[in-house]
Structure formats: structure tokens, C-alpha cells
1. Given the criteria of a type outside the set (S, T, N, Q) and closer than 30 Å to V400 by Cα, does V196 qualify?
2. Here's a check for you: in the stretch 81-138, which residue that is more than 20 Å from D214 (Cβ to Cβ) and among the basic types (K, R) is surrounded by the most Cβ atoms within 10 Å (Cβ to Cβ)?
3. Among the residues of the stretch 179-200, write down those that are buried (at least 21 other Cβ atoms within 10 Å of the Cβ), farther than 25 Å from D289 by Cβ and more than 19 Å from the chain's Cα centre (by Cα).
4. Anything in the stretch 262-279 that is touching a residue at least 40 places away in the same chain (Cβ under 8 Å) and either part of a strand (DSSP E or B) or not β-branched (V, I, T) (or both)? List them, or say none.
5. Could you figure out which of (1) under 19 Å from D61 (Cβ atoms); (2) aromatic (F, W, Y); (3) without any contact (Cβ under 8 Å) to a residue 60 or more places away in the chain isn't true of F428?
6. Give me the helices (runs of 4 or more DSSP H) completely within the stretch 341-410, filtered to those with at least 1 residues that are assigned by TED's automatic domain parsing to the domain that holds S247, in contact with an Asp or Glu (Cβ under 8 Å, 6 or more places away or on another chain) and buried (at least 19 other Cβ atoms within 10 Å of the Cβ), ordered by residue number.
7. Kindly provide the set of residues from the stretch 323-340 that are in a loop (DSSP other than H, G, I, E, B), touching a residue at least 60 places away in the same chain (Cβ under 8 Å) and not polar (S, T, N, Q), ordered by number.
8. Which residues, counting only those in the stretch 280-322, are of a type outside the set (S, T, N, Q), touching a residue at least 24 places away in the same chain (Cβ under 8 Å) and over 20 Å from L83 (Cα atoms)?
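The values are calculated or read from the model by the stated rules, or taken from the named source; none is laboratory data. Not measured: the values here are computed from a predicted model. Using ideal geometry, Cβ is built from the backbone for each residue, glycine included, and neighbour counts are taken over all protein chains shown.
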Amino acid sequence: MDMIVRNARLRGAEGLWDIEVEAGKIAALAESQTDGRKRPKAEAANEIDAGGNLVSPPFVDPHVHLDAVFLDGRNTYNRSGTLLEGIKNWGTEKLTLTEEEIYQNALRAVRWYVANGTLKIRTHVDTTLESLINVRALTKLRDDVKDTVDIQIVAFPQDGIFTAEPFAELMERSLKMGCDVVGGIPHNELTREDGVKDVEYAFELAEKYGCLVDIHCDETGDAQSRFVETMARETIRRGMQGRVTASHTTAMHNYDNDYAFKLIGILARADMQMVTNPFDNSVLQNRNDGYPRRRGHTRADELLARGVNVCIGHDSIMDPWYPMGKASMLAAANLFMHYGHFSGHDQIPVLFDMITGNSARALRAQDSYGIGVGKPADFVVLDAKDEYDAIRLESECLFVVRGGRVVSRAEPAVRRVTLAGRESAVTFKSGVNGR
């Protein structure tokens, strides 16, 4: 064996397990011998003792903008904290960016992702710059890091497809340059009719180039913004079930309940993937409400209850829209636990699904994803015993493994507190309720 991870806790399995790796794939899963009995015969030059911690498939981010990371404060700040000022600032920043600056910023963000256990990323790239330097930068990055991280690139028309003459042609040129997924932004078009055309054009390009679809859809508090129904119609009409993602859909939060019930049934029929982005949605949506303020996120709980696949995206990392973030999908799940009312005991593991298997499905990567014999040896050893502590602690990733290679390792902080005359270690581990 090339590697063995011993004493691993696996989701949905009792006891502790050894993960045996050979030729970059998981060769065997064997129950760990923890009661003094002889170890299995398998040995490896590289052995990791998980120590009873949770070993998970790598995290997946289905929605980020790598061409905009780390630009907050480059020339200006988003002082109002609003979506519109973010768009305005990005429109200014992108005019002076160089291809190398975009590449280096994105590479830095990918390093953060790897350290936080994320090995699959879908990034949107603005296609409204005539130079398309950001498309060149991210396609180069994708190819340069492919041995460690899988990156999908969405051709994303930030300013709309039909708001200016060259944007439709630039979308298609971006696909010819190597973008993997077709995007759109119908609610940014000048009229509702153009918004419908935005969706239809994206699907036409996807059919022409054999691409997936991922559209920024209804990212507004306007209850009349209903382009996701157009997406569902096109998905069903063109037989693209399972290949289409609607990102944000925050307007759904404000829909009439009867309409939302009907819509969710149609989304389930279309087998559409939904991405909620708690960092950005929590601060950018419903800013004009006054009080009381509505929550600016899609109806994740209702969608999941009716069989629709829902994922969590990071969206922004210190960019013109959001000044925080560290490329941690566990932090995104932690925020959505609060923001989306997912604190029920049985809901917390679902949050973990939303940053792992659900997101892998949205990227159409589910067949090569997960911890099982014959699967690629891609996994994360967390400094946590289960999903609850992983999300609560926004856990460190002790080891991140790609194809049987350790690509990141961490040494968590050691804290020793003296209290009442006695020194003891503090780990913040829960150790309650059998966990």
C-alpha cells in the first residue's frame, strides 16, 4: 500500500476504520484493530493515525468568483455594503486589473481552499471585458493546479447578455477559450423579456458546446423576479435534467407561499441544482427593507424536503461585494446553520452534505467522489469527531489528501489554561451526547 489512514471515523459507519490507498485510489476499507489484537497485514511507508477523528471526502465549493478575490480596498471599499456598490466597484476595478494580478490572486485563494480541505471548485468569471484577460487567467490557473484541485469555470456575463452589443459574442468566445459551464444573469437585463432571452441564450450555448448551465438567478429581494421558472422550463423542454444549477434565487424567500409550493415541485421535476451563498446573501439582500428585515436566502429547507438538491457556496473572498472570508466551507455551513434555521439535531448533518456530496452532484462529479473502494483517494482528516463538531469549530483540516498524496497538513493551536491553581489543555471539543 502507498498509504494507510488508521483509526478513521467515517460518516454513517460504526466504529473506526483503516483506509488503504494504492495507485492513487482507495484499495480497501478495513475495521481498525483497537482492542490489542494484531494489526492487519497491510503496511505502508506513509501512515496517518486519524486518532478517531472524522475523515471526509474533500469539501466542494460550487460557487465563487476567483477573478475578484482580494480586491476589497485595492482602490476603494464598499462603504455602503450593498450589492449595487459592489457591482459599481467591480466595474471600476476590472478596468485596471492585469492578467497576472488576477492569476496570482486566484492562486492565493486556491491555496486557502486546499488548506481548508476543498479540492473541487466552480468559479464564475466575468465575460463582459472585451480583453477577456480574466478568462485567460483562470483557464491557465485551472490547468496549472489540476493535479491537486478540480476547477470548473462558468462563463458569467456580470453586466448582462443583452445590455450591450458585444456581451453575447463575448460569452460564446469565452466558451471557445475553455470555459466549462454557461452562466447568465437574467434579473440584470433591462427588461423582463430580455431576462427570458438571457436564460434561453444560455441554454442554446450549453446545447451547442455540450456544457452544463449555472445561472445567477433572481438574486434580488423582488418577489416578481421569477426567472428560475424559465430555467426549469428550459431544463425540462431540452431534456437537461441534472445538468442545470440556479445560484442564489434569493427572491424565492419573498415569494407568495402558494406560488413557491408550485415552483418547488417544478424544480424537483427538472432535477435542478440550487446553490445558496450565505456570506453574500446575508449582507447584500433586503437592504431596503427597513425593519423588520427579511432573510435574503432561498427556501433551502423546503427545497430539500421535496427532493431538490441544495448546496452551499462561498461566493466571495474579500472582494468588492464581501470584505471577509477565508475559503472555508465549514464556516459557510456554520453561518447557514444560523441564517437558514438549520440548527435542529437532524439538520446539522444535512449542512455537511451541502458542502460535500450535494455540491459534488451539482458539479456532476458524484461518480468519482466519496470514500469507497475504487474511488480516488481524495479525503480530509478533520480535527473533529463528527459533523457537529466540525461545523461548530469550523475545524482545522489535519491532513488533506489528493490521489494518495498529502497536499496540506496542519498543527492546531495548543492552548493551556491555568485556573484554580491547575493547568490543563483546552481543545473546545464537545465530548457530550456520546460525541
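1. no
2. Top of the filtered list is K94.
3. D198, V199
4. G265, L267, A268, M272, Q273, V275, T276, N277, P278, F279
5. Against the list (1) under 19 Å from D61 (Cβ atoms); (2) aromatic (F, W, Y); (3) without any contact (Cβ under 8 Å) to a residue 60 or more places away in the chain, F428 comes up short only on (1).
6. 348-354, 357-362
7. Within the stretch 323-340, P323, K326, A327, G340 qualify.
8. The answer is R299, A300, D301, E302, L303, L304, R306, G307, V308, V310, C311.
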